[in-house]
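Please treat every number below as a calculation from the coordinates, not as lab data. Bear in mind that the values here come from a model prediction, so they are computed numbers and not experimental data. Here the Cβ positions follow ideal geometry from the backbone for every residue, glycine too, while neighbour counts run over all protein chains shown.
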């Protein structure tokens, strides 16, 4: 622990910082096992849902086990509740003992389901953080970007959240990793192209 | 050609998955992937197990090879087979210095072992060493392993000693911006980590005074530093409030938290109000008087059209219910319960109503009324125990020897039920209660005739013919009615519809109903004396004595033995355990000494005391298994000595309502919070507790605020409306006393407002003016000093604290900008303004989509266009 603290200096390397964050996550895991009665206070995000104003689902990510049936039921129920809410009301909905934090960006509703004991304002900021990263990646993101490049939206979400916990809070880092990923995809495409070219040549 | 294709495939394979793995391994994966049946897969895996067992026995396996073997073992486990023969190699690999090998080892052990496995002991040392490593990858690997492999016993070995000051110091450094800038979020240093740390501190500091004290500094700093104009700043503030409510706080911190909460509540943002209400609910446990200064804000939230906010406020009210305000709160809850359709929440709020009513009911009549409402509107959702409690209450009455009051209570219950019964579609549970009460007390008072009540009961049985439980209750009630009639010597004429009901039930498929019907029929044929001994009047509370030894049959047995029957030999004697017979006759509840003891150990002395006390409180018939050993003579003296202590303890215990001892204990238990509230010193406590009647006296006395609301506030918060002004002057110590001079003129014009219009949130007004209309009108009536502060804020008006007004407006501007409203505030997003919306690009995208035949769901596809203006 002292060593971890010594990491906390201005000249800290980014990657080292990751370990600090990781270790904090894990420390909290310990505490959980000790204070299991309070575990609900450490609940994470159960699922992420993007729904358009018309009720079309644009992205779903489930971090807790739900059967296919439950999933469609959840989506149906929640979009009914959330789409019908007025503009000036809370961004939170209490739903089956959980809370759903949602936020509307133009025509899209971003929803995240959390435990009743979680910090709603924090989750609201996680949503905003995600939207900012999407916006930075796509360059003024719109619903169509998420329709055509849905896989990218998922990749970015996976960089941000793992198992329903926020994992990387630096926009820069996420951007760097995603662009590295894009380059790898490009490289693989090229390679595959050249192999099929060789085969085509030979035959 | 064929060759070329294979080369191509292998090239592709190499680029995909060949991380230096041998061809053997790739073939294994491939063949498993291509296996057509589970049997085939098993065959492949079993042969792989054989191969690996052999290979692992070889001496001097190169490390790289070993790594591959371990991965193959993981593969085997993954497919559901046992690879325990290789676990030890994985454990050994965690000791390796090479990072790749070490991480492979850790990965394998976390997958192979559980926290109780014997091999864990071999890993703990390595983990300790790795936690001290300079390489963060090594540390992470060790930490990951800890999550999976370390149980409660081994935690101390890897847990740093002084967690609290470590976390506090990390948090301190984070707030001092010692982390790289890239983790800032809206100018807030690493807020997500801060929140996580605060959560951890709440856990570590709960109930630990010295740990809490270490946290005071950093928490106080956070309150000072946090920028309450951004959402993320408020998120951290809220987390601080939560931490403070968990740890043992200092008065200064409590004050800071209360200030933050009042800022939340005064905000125009619904989100922040919600957080404020939540925070209030947390702090109210520690300092109960905090809610008082926010009473009007709370009432506004309660009447808000936003369901989420309303529910949160009900949660707060539930937490602050006491005997003085229970009537108002429960009435409100029931009104709300009736208005909603969400069964999940309906159940919750119904059970809360019941709980509060049981705990704080001011009178039996009220309790019965509340229960009727709950049953009527949520009867299918409440626990059956609630129904049983209600029946017991009606049967036992006040518990005092006041038969008159009891019979009044019963009559009022019967009357209310006869009235409700005519309504269509009542919940089954409610009908059961109604049937039981009518059967037991329907004719007791002489007001209603037996034929009237029995007719009603038949109607119930007819109308709910598919519900067997209700029918059973109805038939039993009929039986009781008739029995009472017969016993009192009157002639019973069974109504034709009752007759047909009985006949129908005699042939019922339900054996239970059939039996009840036959019993009823048999009872009708008996004489008065027999009937009275079967079903005596008002005897539902009498204990039924059951003679377990069946001694009344002794004569019969004697007769049988005399006429030559074999005497009964008990099962124990038959199995040849004669030697224990004496022992058994002494104590029926001891099991033979050599057999297992199924009874719990005797309780330690101190904990047996409350048990006794509680039995005193609710005299459930003492079960015979309270053996003599349990009640030594000393106990009574001890309990006498500690009787005061026992009473104190009972305050925390949930007490069933309606017992004599309850009345006294409520008054005892409810007085201290009142005193703490500062209301007991107040002259109009009585006014507040008897909520409804003294309306007029209230209006005349304190006419400055809307009387409706004030009345509600008074009844909720214990008649504190006049104490509010007292409070104001007292709290003025830590607030700028700027507005005190302008107070009187502002308070006076308020009663002009009619109450019902306060809730007009309907029209979406422009940013910043979301407060209720009446108060907008009030602005004109007030002096200018409060107007210029943006006095849309209710509390701002009432308390004339100019300070929070500026913050609320700026909060509102940010939030409104984030929502979909088209009024943007470009200043807040430096990061995005540079980019701006590219409408040309958006149009191009739009055109492309239309070409492709997809209709965009929005007229304005650019998400951020709205926001950036």
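In terms of surrounding Cβ atoms within a 10 Å radius of their Cβ, A:171, B:53, B:491 rank from fewest to most as B:491, B:53, A:171. Counts of other chain beta carbons within 10 angstrom of each beta carbon in peptide B:179-191 average 5.
Based on Cα contacts under 8 Å between residues 6+ apart, the stretch B:40-110 shows a relative contact order of 28 percent. Listed from fewest to most Cβ neighbours within 10 Å, the set A:157, B:550, B:505, B:159 follows the order B:550, B:159, A:157, B:505. Take each residue of peptide B:220-230, count the partner chain Cβ atoms within 10 Å of its Cβ, and average: the result is 0. Taking all Cα pairs closer than 8 Å and separated by 6 or more residues, the relative contact order of the stretch B:161-278 comes to 23 percent.
Normalised by 2.2 N^0.38 Å, where N counts its residues, the alpha-carbon radius of gyration of the stretch A:109-182 equals 1.10. Extents of the stretch B:283-324, taken as max minus min of Cα coordinates on every principal axis and listed largest first, are 28, 20, 17 Å. Our estimate of slack between residue B:129 and residue B:335, defined as 0.36 nm per intervening residue step minus the Cα-Cα distance, is 67.9 nm.
In this simple spin-label approximation, residue A:162 and residue B:161 carry label points 7 Å from Cα along the Cα→Cβ vector, and these lie 3.2 nm apart. Neighbour counting of Cβ atoms within 10 Å sorts the residues B:452, B:274, A:102, fewest neighbours leading, into B:452, A:102, B:274. Averaging the sequence gap over all C-alpha pairs within less than 8 Å and six or more residues apart, then dividing by the number of residues, gives the stretch A:42-190 a relative contact order of 24 percent.
Counting Cβ atoms of other protein chains within 10 Å of each Cβ in A:130-139 and taking the mean gives 3.
Tell me, what is a quarter of the convex hull surface for the C-alpha atoms of the stretch A:42-190, in nm² with one decimal?
Taking a quarter of the hull surface, the average projection is 9.4 nm².
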